[in-house]
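Working notes for the structure below.
The values are calculated or read from the model by the stated rules, or taken from the named source; none is laboratory data. Just so we're clear, the structure is a prediction, and the values are computed from it rather than from any experiment. Methodologically, a virtual Cβ is constructed for each residue, glycine included, from the backbone with ideal geometry; neighbour enumeration extends over all protein chains shown. Surface areas here come from the heavy atoms of the whole protein model, side chains and all, with no ligands, DNA or RNA. Shrake-Rupley method; radii C 1.70, N 1.55, O 1.52, S 1.80 Å.
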Amino acid sequence: MVFYNKLVRDKIPDMIKVQGETPNIRILDTEEYLQHLEAKLDEEAGEYHRDKTPEELADILEVVYALAASIGCTGEDLQAIYQKKHDARGGFEKKIFLLSSEK
């Protein structure tokens, strides 16, 4: 028996069944779901730090979209908010590192 004790993507139990194993699952309540989504974000960010792959970035996006949906924000809403902030403040393309500012 392998213990995972973590939030997994929706198709993972079916994938486990295809391998001839029996998944033991439970459905989280809303509060637990949000806690585990936040933990999943940390997990996925850690995997990106370790592996530095586009696939790990996509996993982070999956969690970000799920978090957005949990607060009633669609992917389109999130993209619009991103674009508005990007237009007003810019991105990170210029690699600017702010040391200090003076009055």
Separation between the residue 17 and residue 81 pseudo-spin-labels, each 7 Å from Cα along Cα→Cβ, expressed in nm?
3.5 nm
Region 35-57 versus region 81-103: alpha-carbon centroid distance in Å:
24 Å
Probe 1.4 Å, protein heavy atoms only - accessible area per residue of the chain in square angstrom:
91 Å²
Going through 52/95; 11/40; 6/52; 11/84 one by one, the pairs whose alpha carbons sit over 24 Å apart turn out to be 11/84
Top of 74, 22, 30 by mean-square fluctuation, Gaussian network on the chain, Cα under 10 Å
22
Carbon-plus-sulfur fraction of the accessible area of the chain, 1.4 Å probe, in percent?
56 percent
Kirkwood radius from Cα pairs of the chain plugged into Stokes-Einstein at 10 °C, 1.306 mPa s, gives D in µm²/s equal to 95 µm²/s
Starting with the highest mean, order 90-103, 56-69 by the number of other Cβ atoms within 10 Å, averaged over the residues of each peptide.
56-69, 90-103
